[in-house]
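One structure below.
FYI, it's all coordinate maths here, none of it is from the lab. Just so it is clear, the structure is predicted and the values come from calculations on it, not from any experiment. We place every Cβ from the backbone using ideal geometry, glycine too, and count neighbours over all the protein chains shown.
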């Protein structure tokens with residue numbers, strides 16, 4: 001039986017994004033990744049008696065930016081609460097979070113799937129501090145604790161139960177990761193724990209109004225694992241229901257090596273956390289003017305860039321979509337377009353040879369050392385027939401990195417400028433024809449595709465300097481004579 005016809009999965013996601021501040025949410029401790037354990041601590045993060053938290057203003061602004069990017073209502077007044085739950089790696093014994101009054105309310109995020117596009121509804125985005133890290137594989141008989149991360153500012157982006165497949169969840173997390181990077185509030189590095197996801201999964205009979213019992217899969221740390229864990233869990237729950245078993249509300253973890261989830265503990269309810277307003281922190285007050293100021297500081301969003309690429313630059317859907325994957329790439333295209341109006345060629349170069357260098361060197365396009373004007377000038381050289389694409393991509397482009405020399409000057413130094421000297425070209429063409437008399441006969445008998453063989457031979461003789469367009473014209477003249 002096809003259980004997809006019988007059951008409907010319902011998924012809600014909670015994404016924790018580490019904000020890109022230099023200091024923690026309530027202290028001046030550094031948030032740098034990978035330093036010696038327990039060196040980024042202070043009396044506040046260690047919860048010394050008498051120490052008091054002080055709110056990080058930049059973290060608040062970043063939370064508002066994300067709320068605006070997700071079409072949330074920004075609360076003009078929000079509060080922090082103490083979440084009393086035993087964290088072995090939070091010395092206070094409680095976590096400071098936002099419970100009843102989050103900073104961002106509601107919202108929506110557009111996703112595109114194989115079935116089209118739609119908005120995923122958000123419940124909230126709220127601020128909270130991260131816990132430290134327990135390490136269980138250093139000592140045989142003890143767990144170690146690194147408190148460097150304790151107190152790091154997070155936003156938690158919480159959806160409504162408004163996702164209905166592992167594919168939708170995968171697309172949603174992909175979109176959130178792109179968005180936090182786009183507006184600069186989080187580096188989105190899942191390997192370092194900057195972006196983590198918890199998935200709440202339930203299964204109900206299709207058409208039923210009441211949701212099934214919810215199971216939470218915690219700390220999914222890659223987009224691929226999010227998809228695989230949700231797929232596994234949906235199948236597991238359906239199998240349990242078909243066997244007549246009751247689904248237990250619990251917290252589970254995902255083992256990526258075995259591709260299974262396993263039970264960790266029965267799930268706590270909200271009242272188990274004993275939330276109450278934090279007496280040491282005043283409300284966050286945001287004026288309409290402040291919210292507007294933050295809104296005005298936001299860059300153009302990917303969907304806005306997509307419209308620009310299609311309408312202003314007449315690019316096709318694929319190119320426009322690919323250029324919108326990263327803000328730095330979109331901006332680099334527009335700067336290049338100031339110097340050159342061959343918009344399709346600019347897109348081809350950025351998405352082809354330039355992106356290949358970005359991937360090889362594991363740098364952003366801004367860190368590559370290539371100026372937009374140099375790329376535009378290179379494209380103009382190709383368009384004017386002074387250099388061919390192959391030489392430009394393989395030789396000139398790498399030479400342009402971190403180099404202020406003009407592309408023409410560099411191409412001359414590299415000896416890759418194409419010659420259009422008719423005398424020299426004719427000499428090469430004649431040699432190519434003389435070398436292959438049998439191919440000449442075959443061409444003249446109708447095998448016109450052999451022209452490429454002659455052009456290739458001239459290219460070899462000229463070491464890539466012969467203009468292929470003129471060479472082709474000369475060959476056709478001589479071979480058809």
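Taken over the Cα atoms of segment 99-146, the convex hull encloses 156 Å³ per residue. I need the calculated FRET efficiency for the pair residue 142 and residue 276, taking r as the beta carbon distance and R₀ as 30 Å, to the nearest 0.05. With a Förster radius of 30 Å, E is 0.35.
Between residue 359 and residue 296, what's the calculated FRET efficiency when r is the beta-carbon distance and R0 is 30 Å? Round to 0.05. The value I calculate is 0.30.
Packing-wise, with mean Cβ within 10 Å as the measure, how do 402-411, 174-183, 53-62 rank, highest first? Walk me through the numbers before you get to the answer.
Working: 402-411: 15.0, 174-183: 20.4, 53-62: 18.1.
Highest-to-lowest ranking by the protection proxy: 174-183, 53-62, 402-411.
Extending 7 Å from Cα along the Cβ direction at residue 448 and again at residue 245 yields two label points whose distance is 7.0 nm. Restricting the calculation to Cα atoms, every distinct pair contributes to the Kirkwood radius of segment 264-393, found to be 18.3 Å. Ordering 366-372, 100-106 by mean Cβ neighbour count within 10 Å, with the highest value first, yields 100-106, 366-372. At q = 0.08, 0.09, 0.10, 0.12 Å⁻¹ the log10 of I(q)/I(0) for the chain amounts to -0.66, -0.78, -0.88, -1.10, computed by Debye summation with a single uniform scatterer per C-alpha, solvent ignored.
Kirkwood hydrodynamic radius computed over segment 324-398 comes to 12.3 Å, based on all pairs of distinct alpha carbons. For segment 298-342, the Cα gyration tensor yields ellipsoid semi-axes of 15, 13, 9 Å (square root of five times each eigenvalue, largest first, whole Å).
Full-extension gain between residue 32 and residue 404, please, as 0.36 nm times their residue separation minus the C-alpha to C-alpha distance.
130.6 nm
A full extension of the chain between residue 477 and residue 134 corresponds to an added length of 115.7 nm, given 0.36 nm per residue minus the alpha carbon distance. Taking the Cα centroid of segment 298-350 and of segment 33-73, what is the distance between the two, rounded to the nearest whole Å? Here the answer is 35 Å between Cα centres.
Its Kirkwood hydrodynamic radius, worked out from the mean inverse distance over all distinct Cα pairs, puts segment 1-60 at 15.0 Å. Evaluated at q = 0.06 Å⁻¹, a Debye calculation over the C-alpha positions of segment 3-290 (equal weights, vacuum) places log10 I(q)/I(0) at -0.20. Compute the orientation-averaged projected area for segment 1-142 from the convex hull of its Cα atoms and round it to one decimal in nm². Averaging across all directions leaves 13.7 nm² for the Cα convex hull.
Per-residue packing, averaged as other Cβ atoms within 10 Å, sorts the ranges 379-390, 294-305 into the order 379-390, 294-305, beginning with the highest.
Length available on full extension from residue 191 to residue 265: 0.36 nm per residue minus the Cα-Cα distance, which gives 24.1 nm. Pair-distance distribution of segment 229-319: all C-alpha pairs, bin width 5 Å, starting at 0; shares per bin in whole percent are 2, 9, 9, 9, 7, 6, 8, 13, 16, 12, 7, 1. In this simple spin-label model, placing a label point 7 Å from the Cα along the Cα-to-Cβ direction at both residue 121 and residue 22 gives a separation of 4.2 nm.
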